[in-house]
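A.B. asks: Can you keep this structure in mind? I'll have questions shortly.
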Amino acid sequence: MGFGYHGEVSNRPRTVTFDSAPAPGVINFGIGQPSPDLLPVDLLRTASADFMAHAQPLELNYGERQGDERFRTALAGFLASHYEHPVSAGSLLVTGGNSQALDFVCGHFAKEGDTVFIEEPSYFLAHQIFSDHGLQVVGIPMDEDGLITDALVEQLAIHQPVLLYTIPSYHNPTGKTLSGKRRETLARLSLEHDFLVVADEVYQLLNYFDQPPPAMGTMTDRGNILSLGSFSKILAPGLRLGWIQTSDALMARLLETGVINSGGAVNHFTSHVVRHAIELGLQDSLLQHLRSSYGQRLETMHLALHRQLGDMARWSRPGGGYFFWLEFDSTLDTAELRKQAAAFKTGFQPGTVFSCTGDLNHFLRLSFAHYRNDDITEGVARLAALVRNVPLIDLPHSRATESV
Ligand SMILES: Cc1ncc(COP(=O)(O)O)c(C=O)c1O
């Protein structure tokens, strides 16, 4: 299955729908956030108590510009063990998560009117960040192996992008993973054509079956690469903590900024707590737990989709991350369908919000992260009732049917 439109420059204003909490009784797969039972309050209580038991006054002062060195050393060890590749504390800059990092990178490396390349489709809130900076967006199509590098080469003959934004592993919204070979090609092209690869690796560690290809963060020696990582999906979004991994040369440029010189590291206090979580082994245990829980939810959704919508939609089972990307017959308009979703007590994100040109109307994105297995099965039954426009009670395998 291929999808995506490419070649046309776009900076259309973004109307963004951001579902944060479902209405009571609604199972809204539009929400791309962890369920409450996976938000680790006890873990953070333990890590905070461990930090506060040993805290020194200077830990409440401004932090180092690049971020507390002990935190970066702990983070480097954590990443090295999962990437199975050396990571140095010096290659890491502490950020407030990937949204803040992307905004920071755009502000620092791009100016109004510059061109950025993004995958078509891409993370809808990234579109808004590019629009905030007045950047011209060019979409590069994707296939089963992620961004199509041959299409990228064609566009490089026409445009000179300042940066290319990619979500290499378990892409939002498609769930696809960029192949290892294409990662190497991307790195090489960034040097040949002098642009930055901004790799949003927010789902890199959320693999549930096989290992994904190496993180772009392990390739900073052979490309102009900024790898953006975050604790939002592997610990808690409310921490607002992440990192940029890059080469010495690009790190020196990142550190030139006034905001870092004036304020020191971002989220210095939070980084102390997370350091203790890493050093106590709590982050590793949570990651194992998340992989197992999300892996089961993914399988549950895959099975429910087969039973309920197997004859109407096409999708590939993702290997990690949060999302399924469903393609329907081209006559189905998922933005229209969404208007009726509340009546069926279900929800999703329509394809069009992920498109830089407002296309992809017959796709939709489902997140399995916010619900437990029972709710996933029930929510997919409601979604199928909505798509087929039948009363829920008429559907095979729905909880509503089973209860009568
Ligand atoms: C691809 C992608 N990037 C960034 C974010 C947000 O990351 P953060 O919470 O680190 O700002 C998300 C969250 O859904 C995402 O899916």
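A.B. asks: Taking only pairs that are 8 or more places apart or on different chains, how many Lys pairs in the chain have Cα atoms under 29 angstrom apart?
C.D. replies: Qualifying lysine pairs in the chain: 6.
A.B. asks: When DSSP beta bridges are limited to those with both residues in the chain, what percentage is antiparallel, rounded to the nearest 5?
C.D. replies: If I count the DSSP bridges inside the chain, around 55 percent turn out antiparallel.
A.B. asks: log₁₀ I(q)/I(0) of segment 308-392 at q = 0.14, 0.24 Å⁻¹, via Debye over equal Cα point scatterers, no solvent, to two decimals?
C.D. replies: Values, matching the q order: -0.45, -1.38.
A.B. asks: If the only charges are +1 at each Lys and Arg Cβ and -1 at each Asp and Glu Cβ, what is the size of the charge dipole of the chain around the Cα centre, to the nearest 20 debye?
C.D. replies: With Lys and Arg at +1 and Asp and Glu at -1, about 620 debye.
A.B. asks: Separate question: Taking every Cα atom in segment 166-325, find the radius of gyration and the maximum pairwise distance Dmax, and write them in Å.
C.D. replies: Final numbers for Rg and Dmax: 18.0, 58 Å.
A.B. asks: Which residue, 39, 250, 58, tops the fluctuation ranking in a GNM of the chain built on C-alpha contacts under 10 Å?
C.D. replies: 58
A.B. asks: Can I ask one more? Which whole number of Å³ per residue matches the convex hull of the alpha-carbon atoms in segment 77-216?
C.D. replies: Hull volume normalised by residue count: 115 Å³.
A.B. asks: Now for a different question. Given the chain, what whole percent of its Cα pairs are spread farther than 38 Å?
C.D. replies: 20
A.B. asks: For segment 183-199, take each phi angle, set θ = phi - 60°, evaluate the Karplus expression 6.51 cos²θ - 1.76 cosθ + 1.60, and give the result in whole Hz per residue in order, putting x for glycine and proline.
C.D. replies: Computed from phi, the couplings for segment 183-199 are 4, 5, 4, 4, 4, 5, 5, 5, 7, 5, 10, 6, 10, 8, 8, 9, 9 Hz.
A.B. asks: Further question on the same structure: From the P(r) of segment 118-200, could you give the percentage of C-alpha pairs in the tail past 19 Å?
C.D. replies: 30
A.B. asks: In addition: In Å, what is the Rg of the alpha-carbon atoms in segment 234-327, and how long is Dmax?
C.D. replies: 19.8, 58
A.B. asks: Separate question: Considering only 212, 242, 300, whose Cα is most displaced toward the positive end of the charge dipole of segment 152-302, charges sitting on Cβ of Lys, Arg (+1) and Asp, Glu (-1)?
C.D. replies: Positive-most Cα among the choices belongs to 300.
A.B. asks: Suppose every K and R has +1 on its Cβ and every D and E has -1 on its Cβ; what is the size of the dipole of segment 223-292 about the Cα centre, in Debye to the nearest 20?
C.D. replies: Here segment 223-292 has a charge dipole of around 200 debye.
A.B. asks: Right, something else. State the Kirkwood hydrodynamic radius of segment 19-128 in Å, one decimal place, computed from all pairs of distinct Cα atoms.
C.D. replies: 18.3
A.B. asks: If you fit an axis through the alpha-carbon atoms of helix 41-54 and take the longest principal axis of the Cα set of the chain, what angle between them do you get, 0 to 90°, nearest 10?
C.D. replies: Taking the Cα atoms of the chain, the angle to 41-54 is about 10 degrees.
A.B. asks: Considering the Cα trace of segment 194-263, what is its radius of gyration and what is Dmax, both in angstroms?
C.D. replies: Over segment 194-263's Cα set, Rg and Dmax evaluate to 13.8, 44 Å.
Quick note: the coordinates plus some simple rules give every number you see, no bench work behind them. Keep in mind that what you see is a predicted model, and the values were worked out from it rather than measured. Every residue, glycine as well, gets a Cβ built from its backbone with ideal geometry; the counts of neighbours run over all protein chains shown.
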